[in-house]
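Novice: Next up is a structure, given as structure tokens.
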Amino acid sequence: MTTIDTEQTAARQVGRSLNRLEARAKVTGRAEYIHNLVLPRMLYGKICRSTVAHGRIVNIDVSAAQAMEGVHAVYTAQDVLRVIPEPYFGPAFHDQPILALDKVRYVGEPVAVVLAADPHVAEEATHLIMVEYEELPAVFNEVEAASSDVLVHDVLKPAGTFPDLKHLAGRKGTNVALDFQLRRGDVEAAFASAAHVFEDTFTTQQVMHTPLEPMVSIAEPGDEAITIHTASQSPSFVRIEIARLLGWAENRVRVKSALLGGGFGAKLYIKLEALVTALSLLSRRPVKISLTMEEQFFTITKHATTFRMKTAVSEDGRITGRKCDVWWNGGAYADIGPRVTQKSGFTASGPYDIENVSIDSYAVYTNLPPAGAFRGFGIPQMVWAYESHADMIARALKIDPVEFRRRNILREGRPHATGTPMKDAAIDLVLDRVVDRMNWTAPFERGTGTLRRGRGIGIGFKALVAPTTSVAMVSLAGDGSCTVYSSTVDMGQASDTAIALMAGDVLGIAAEKIKVVRPDTDVTPYDMATLGSRSTFHMGHAVRLAAEDVRTKLRELADELGVPKDQPALAGDLLRRKYGMQAGNIVGIGSFIPDYTSPKHETGQSENITPNWMVGGCGVEVEVDTETGHFRLIRFENVVDCGTPINPKVVDTQISGAAIMQLGITMFERMEFDEVGQLRNASFAEYKIPGIHDIPHVIGRETVDSVQSNGPFGAKGVGESATFGVASAIAEATEDSVGVRLTSLPLTPETVFRALCAARNEPMAEE
């Protein structure tokens, strides 16, 4: 290995438990966020939103708002058309207008924007805008919408963005944006010959991502160019999409991001960026739009889902066939929903070895706020369904749920339902470690009186999103210091720290001495997006390759200068000898895209559908009050397979954070809509997220001893794995304690109490 010009070559960096490099700046308040940015002559935008779920816009009267003192301008879609003639955006479909044009498709859709130098003036003026609608029938349920004559979109506009969805067109004359099919074996024959057939329906609710930093974007017009400062997980995509909308070359669009105060998928692709771009071009001034917490509920959500699962089982408890239909409630605009539908849909057979599989996964338009990626890319909903189904089968057959899983689990080398062989997916090891941590075979105290105890286990896995590309640059300066240029966005997952560790490992430099430049599309190279636990794998490889390129060039420079191969090639010395002074840089480039084979359109089969599988398992113990339905977690164990941890300290916090987030979705969170599509709980006063008193005192966490053979330093992602299995494990523990099975999320004291009353044939009191 080539020695770099530092006081002492650093020890191995990968595997260090290192505090986040940005931690001090955050806790001292010095960390910069886009919310803090104020530009000269900047105007603030506030949005007037639709009050109906589906309707034609008859008239928009902005005169009173325009006349209000302090208002700079009021703009509608007709104004946007002056600067962007085709004002539709979206990653999967170009279906979402920058402002509602002719029609509104959900309550809360942006209709007009007020600009003012004072945001409070702009907000007040929005209430003076009068909009007249011709209301149209609306559809809200995903299953009903799939076959409804009420069309959310009269014309479907596929974007063609994703190479794995080149066939994307949608079903003409329906609300189905994507119908993904997977077929393997003969499912009907499996059902015909089965000793047992089980069929169940499961649902999940629509929830909000709740990043504590709401969405914010600023557009700053320049001389035949524009700079966008934005809290985004995908600055490279934003640049491409804004350039497309404007018909400009990409080098006229600059996108800069900062630290994000959480994202979880909410800040992916285009959100506010197209709107502030149009407003800045119209006003010729910088424009900033910062959403309130309430407005985030109307911007992007997590898919509500309905699953119908049918499973054939042999006499000895082996799953021989599975059929699954799943409907994803995509809301009014597709966003990333079709890709979620495909990537999660093909995992409906679960982490089980099933010869005969039939899966239909539908992305469906409805008249609700748009839905997109949310920590897990649809997998937590999918695991909820197939693991609940597994528990119900095991209980009906009187087989221990752990034993049932062991009889059916996918093992190394066996083909997944897609035909892709399982490799480096420690499903059995994760299950075994959860069992051990739960002391599953030991005597179990089931409680007394009205307080009863039960336990449950759940496992799940996720395919890494592919195909995607990451590019990185590493620059070694004349004094031996190192800078990494990457468009991966640090949104609390400590990606900057992981990048520094990986670069430092190759170059022999302590991570603390490496600077990681924040995303800036004029400076940092392309990265598809920070999503789906892809950064460690994709950007990790790109950074590794870039650092190795630096090391190679350093050796080549040493050879050029006649330094013997057995002597250290000190960067600073070499550059001073080359240029006669402290000058110059050694720059390495790394680019990475994994091998991938798109699934066949007709069958969903692929011999290489993903570069790796991320695995997570969960065990819980609950205590339920049979008189009230209230329950609490008294044990919570989480185990993941993330390959080799790059930073064990951060891996621990990622496991805990993901598990707690899924607890919230399982036990509390639900967006509540009335019969006309109006959201009734768009605030933290009414939308419950877990607090410190809602989680167990101890959250068990562990990474199994595994190596991802094709991963950078043996690693793969970890940010989502601990969300798998939480919901189904709690549902199973509840049934294990009091004998009632819940099949719809969230699992609340009220739903438990209602189920208990139904089981006892006790009528509910009049409401």
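A short reminder: the numbers here are calculations on the coordinates, not readings from a lab. None of these values were measured; they are calculated from a predicted model. Don't worry about glycine lacking a Cβ; one is built from the backbone with ideal geometry, like all the others, and counts go over all protein chains shown.
Novice: With r as the distance between the Cβ atoms of Asp316 and Glu412 and R0 = 22 Å, compute the FRET efficiency 1/(1 + (r/R0)^6) and round to 0.05. Could the numbers behind the result be given before it?
Specialist: Working: r = 23 Å, r/R0 = 1.02.
Efficiency at R0 = 22 Å is approximately 0.45.
Novice: Using amide H atoms built in the peptide plane, which far-off residues or other-chain residues are under 5 Å from Leu136 H to H?
Specialist: Those qualifying (amide H under 5 Å, at least 5 residues apart or on another chain) are His54, Gly55, Arg56.
Novice: Search the structure for amide H atoms under 5 Å from the amide H of Thr301, placed 1.01 Å from N in the peptide plane, and list their residues when 5 or more places away or on another chain.
Specialist: Ala371, Gly372
Novice: When the Karplus curve 6.51 cos²θ - 1.76 cosθ + 1.60 is applied with θ = phi - 60°, which whole-Hz ³J(HN,Hα) does each residue of segment 132-144 get, with x for Gly and Pro?
Specialist: 9, 10, 9, 5, 10, x, 10, 9, 10, 7, 5, 5, 5
Novice: Could you state, as a whole-number percent, how many of the C-alpha pairs of segment 487-530 are farther apart than 16 Å?
Specialist: Numbers: 371 of 946 pairs.
Tail of P(r) above 16 Å: 39 percent of Cα pairs.
Novice: So, in nm, how far is label Val523 from label Ile399 when the simple model puts each one 7 Å beyond its Cα toward the Cβ?
Specialist: It works out to 5.7 nm between the two label points.
Novice: Also: Given the chain, what percent of its DSSP beta bridges are antiparallel, to the nearest 5? Walk me through the numbers before you get to the answer.
Specialist: On the way: 103 of 129 bridges.
Bridges in the chain that DSSP calls antiparallel: roughly 80 percent.
Novice: Pairs of Cα atoms under 8 Å, at least six residues apart: use those to get the relative contact order of the chain, whole percent. Provide the component values of the computation, followed by the final result.
Specialist: Working: 1977 pairs, mean separation 126.5, N = 767.
It rounds to 16 percent for the chain.
Novice: Something else: Determine how many Å³ per residue the convex hull of the Cα atoms of segment 1-144 encloses. If you can, show how the numbers build up before the last one.
Specialist: Numbers: hull volume 41.1 nm³, N = 144.
Looking at segment 1-144, the number lands at 285 Å³ per residue.
Novice: A follow-up question, please. Which loop GluC sites (Glu not before Pro) in segment 649-682, with loop taken from DSSP, have no more than 13 other Cβ atoms within 10 angstrom of their Cβ?
Specialist: On the way: sites: Glu669, Glu672, Glu675; in loops: Glu669, Glu672, Glu675.
Those satisfying the criteria are Glu672, Glu675.
Novice: Another one. Can you give me the long-range amide H partners of Tyr352? Hydrogens built in the peptide plane at 1.01 Å from N, cutoff under 5 Å, separation of 5 or more residues or another chain.
Specialist: HN-HN under 5 Å from Tyr352: Leu410.
Novice: Treating cross-link reach as a plain straight distance, find the lysines whose alpha-carbon is under 25 Å from the alpha-carbon of Lys343, omitting any fewer than eight places away in the same chain.
Specialist: Qualifying lysines at Cα under 25 Å: Lys157, Lys166, Lys172, Lys267, Lys271, Lys302, Lys310, Lys323, Lys423, Lys462, Lys600, Lys716.
Novice: Using a 10 Å cut-off on Cβ atoms, rank the peptides 629-641, 460-472 from the highest mean neighbour count down. Spell out each step's value before the answer.
Specialist: Details: 629-641: 22.8, 460-472: 24.8.
Listed from highest to lowest mean packing, they are 460-472, 629-641.
Novice: Moving on. If the cut-off is a Cα-Cα distance under 16 Å, which aspartates and glutamates reach Lys578, setting aside same-chain residues fewer than 8 apart in sequence?
Specialist: Of all the aspartates and glutamates, those that pass the test against Lys578 - Cα under 16 Å, at least 8 places apart if same chain - are Asp5, Asp479, Glu556, Asp559, Glu560.
Novice: Please tell me the relative contact order of segment 308-377 in percent, rounded to the nearest whole number, where contacts are Cα pairs under 8 Å and at least six residues apart. Don't jump to the answer; show the numbers that get you there.
Specialist: Values: 125 pairs, mean separation 28.3, N = 70.
That works out to 40 percent.
Novice: Follow-up. Where does each of Cys757, Cys48 land when they are ranked from fewest to most other beta-carbon atoms within 10 angstrom?
Specialist: Working: Cys757 15, Cys48 24.
Final ranking by Cβ density, sparse to dense: Cys757, Cys48.
Novice: Could you sort the peptides 113-126, 727-740, 132-145, 362-375 by per-residue average Cβ neighbour count (10 Å cutoff), highest mean leading?
Specialist: On the way: 113-126: 20.0, 727-740: 25.4, 132-145: 17.6, 362-375: 28.9.
Packing proxy ranking, top to bottom: 362-375, 727-740, 113-126, 132-145.
Novice: Relative to the Cα centre, what is the charge dipole magnitude of the chain, using +1 at the beta carbon of each Lys and Arg, -1 at the beta carbon of each Asp and Glu, and rounding to the nearest 20 debye?
Specialist: Numbers: 77 positive and 94 negative charges, 319 e Å.
It comes to approximately 1540 debye.
Novice: Mind ordering 571-581, 98-108 by average Cβ neighbours within 10 Å, highest first? Don't skip to the end; give the middle numbers.
Specialist: Numbers: 571-581: 16.8, 98-108: 22.1.
Listed from highest to lowest mean packing, they are 98-108, 571-581.
Novice: Let me ask something else. Between Thr28 and Thr483, what FRET efficiency follows from the Cβ-Cβ distance if R0 is 22 Å, with the result rounded to 0.05? Display every interim value, and only then the final one.
Specialist: Values: r = 23 Å, r/R0 = 1.05.
Calculated value: 0.45.
Novice: Might you report the magnitude of the Cβ-based charge dipole of segment 405-448 about its Cα centre, with Lys and Arg at +1 and Asp and Glu at -1, to the nearest 20 debye? All intermediate terms of the calculation are to be shown ahead of the outcome.
Specialist: Working: 9 positive and 6 negative charges, 34 e Å.
In total the dipole reaches around 160 debye.
Novice: Give me the one-decimal nm value for the distance between modelled label points at Asn439 and Asn141, 7 Å along each residue's Cα-to-Cβ direction.
Specialist: Simple spin-label model gives 4.6 nm for this pair.
Novice: In whole Hz, with x marking every Gly and Pro, tabulate ³J(HN,Hα) for segment 280-297 from phi via Karplus 6.51 cos²θ - 1.76 cosθ + 1.60, θ = phi - 60°.
Specialist: 5, 5, 6, 8, 6, 9, x, 10, 10, 10, 10, 6, 7, 4, 4, 5, 4, 5
Novice: Residue by residue through segment 105-118, which ³J(HN,Hα) values in whole Hz follow from phi under the Karplus form 6.51 cos²θ - 1.76 cosθ + 1.60 (θ = phi - 60°), with glycine and proline marked x?
Specialist: 10, 7, 5, x, 5, x, 10, 8, 9, 9, 10, 7, 6, 10
Novice: Still on this structure, I have one more. Once you have the Kirkwood Rh of the chain from its Cα pairs, apply Stokes-Einstein at 4 °C and 1.567 mPa s and quote D in µm²/s. Mind dumping the intermediate values first?
Specialist: On the way: Rh = 27.4 Å.
Result for D is 47 µm²/s.
Novice: Considering only Ala145, Pro119, Thr161, whose Cα is most displaced toward the positive end of the charge dipole of segment 96-203, charges sitting on Cβ of Lys, Arg (+1) and Asp, Glu (-1)?
Specialist: The one lying farthest along the dipole's positive direction is Thr161.
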